[in-house]
Amino acid sequence: MKNLAKFLLFVLLVSAGISWLYDYRLRHGDLNLLSRRTPEKYTLASAPSVDSTVVASLEALNRERRTLVSSVIPSVVAVKTSKKIAIRRQYGLDPFEFFFRNQRPFRNPRDEALVQNSLGSGVIVTNEGHIITNNHVVDQVDEIEVQLSDGRTKKARLIGADSQVDLAVLKIDDPGVKPLKLADSDTVQAGDFVLAIGNPFGFDETVTDGIISSKGRPNRTDAFGDLLQTNAAINPGNSGGPLINLRGEVIGINVAIISRSGGSQGIGFAIPSNTVRTALESLLKQGRIIRGYLGIQTRPVQPGQNGAGSEGVLVDEVIPGSPAAEAQLQKGDIIRKFNGHEVKNLPALRSLIAQAGLNKKVELEIDRDAKPITVATEIKEEPIDYPTAQVSPRQERPQTPPEPNDQGETSGGLASIHVSDLTPDMARQLDLPNNARGVVVTNVDPDSGAAELQKGDVIEEINQQPVTSVSDYNKIVASLDSAQPQVLSVCRHRMRSFLVLRPR
């Protein structure tokens, strides 16, 4: 027993000695276990590398840009939507049910709600709290909220929407809102400085800058001819946000991009503010967009055709009973002016017709057999069944519906893209927006020239023609000109973009 006590006392003394030695060397900095570090000597730069007087103009530009951004940010909102989707969930047998099956009857499957959320942008344009955004941001949703720049969240009401022009009007009740002015987009020119503001990927109040890259393209008869093109970075979540000029005015509403990656590649598009103003006033007054129409089908003017130059709109067909028929327009006429305004191309004519108002007399200056003629008519409301897409003579000829999986030689690279119908189950698996409609890409042949497409992509439109089924897809593809580029509207997960397939 005494030996055990001596051993324990020895251990205690040794432990106390080691502890004292450790503490001593720690206080005196001699402990090898701790690395010794000598403070580094450093001197920070005390003067800028460039004298501010040398870059005074750039400093002024910086201050002006800050002022511009800070003045418009309070008018830009994040649009948050949600939609409840019913799903069937099957419950299995629990352990108690195995042993007490007679006492605890098996539970039946029941419906549960899955909530899908999405995010877009918008801009306040009236003192009463009206907000402009894209229709595809708020289409077929159950709840809409907007988040203001100060962090407050407000419930929003959908006042009206139109899928064709892809605009929607929301309203919040807040007397302190700051609206932005809608500018005259007709005065916008390529090279003008612009800001794009929105909530890409959920990053609130993101500001990107660039220029107007192009507008009013004379070589396009699709929707792109009506849009403003910009190189300001636009990404998913920017939809519905404003494109701003130097005076803090809205010159456009960001709506789409062309991209091979799903993100910004410097080609973004915005709906011109004049189109926005016309749609806004129509939605607020009528609850829907009232469209005027002239009643013609057109094709581009060739240089030297019926007069010098390639500007104007060539009448290819006159719709019976239309305003154009009342004006006695004829096939081959070239419309040069509309109510005194120059008509450079079809998008310009569309814009002028939209701004003219219904049941108002308008004058058209046309060239007929190289002779100038002035005719008059009244713009009427477009009939519901009126074909909004301009078709070429080749497309007017009856097409033989293709057999499934037989798309012919005229389909170009699209013939090598294999698709299937989109089902609700597939939409959930692919994490698509609730308004996604189209066909799912199941395979892409390596030599098709469509490598930017991926399995699981959903093709929603081809050259602005909606695709709702494989049958639609086959019919549209069969009618395409393989020598022309094709524009696909593609949804990949929750991102939408445009892909251009060029002839090989």
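Answer with one residue from Leu170, Gln189, Ala156: the one whose Cα lies farthest towards the positive end of the charge dipole of the range 152-191, charges on Cβ with Lys, Arg +1 and Asp, Glu -1.
Ala156
In the neighborhood of Ser351, defined by Cβ-to-Cβ distances under 9 Å, what is the net charge if each Lys or Arg adds +1 and each Asp or Glu adds -1?
-1
Quick one: Karplus J couplings for the range 340-352, per residue in order, coefficients 6.51, -1.76, 1.60, θ = phi - 60°, nearest Hz, x for Gly and Pro?
x, 9, 4, 10, 7, 7, 5, x, 5, 5, 4, 4, 5
Would you work out which of Leu246, Ile132, Thr206 lies farthest towards the positive end of the dipole of the range 120-269, given +1 charges on the beta-carbon of Lys and Arg and -1 on that of Asp and Glu, about the Cα centre?
So the residue furthest toward the plus end is Leu246.
Could you rank the peptides 319-325, 251-257 by their average count of other C-beta atoms within 10 Å per residue, with the highest value first?
Result, highest mean first: 251-257, 319-325.
Give the span of the range 292-381's Cα atoms along each principal axis, as three whole-Å numbers ordered largest to smallest.
Over the range 292-381, Cα extents along the principal axes are 34, 23, 20 Å.
Once phi is turned into θ = phi - 60°, what whole-Hz ³J(HN,Hα) does the Karplus curve with 6.51, -1.76 and 1.60 give for every residue of the range 363-376, x standing for Gly and Pro?
10, 10, 9, 10, 10, 10, 6, 6, 10, x, 9, 10, 10, 10
Would you tally the net charge around Asp166, using a Cβ to Cβ cut-off of less than 13 Å, leaving Asp166 out, and scoring K and R as +1, D and E as -1?
-4
Can you give the net charge of the other residues whose Cβ lies under 13 Å from the Cβ of Lys371, counting K and R as +1 and D and E as -1?
Summing Lys and Arg as +1 and Asp and Glu as -1 gives -2.
Which Cα, out of Gln328, Pro347, Ile366, lies furthest along the positive dipole direction of the range 292-381 (beta carbon charges, K/R +1, D/E -1)?
Toward the positive end, the furthest listed residue is Pro347.
Using θ = phi - 60° and the Karplus curve 6.51 cos²θ - 1.76 cosθ + 1.60, what whole-Hz ³J(HN,Hα) does each residue of the range 463-476 get, with Gly and Pro shown as x?
3J(HN,Hα) across the range 463-476, in whole Hz: 6, 6, 9, x, 10, 10, 7, 4, 4, 4, 4, 5, 5, 5.
Every read-out reported here was derived from the displayed coordinates using simple, explicitly stated rules and does not represent laboratory data. Predicted, not measured: the structure shown is a model, and the values here were computed from it. Note that each Cβ is placed from the backbone with ideal geometry, even for glycine, and that neighbours are counted across all protein chains shown.
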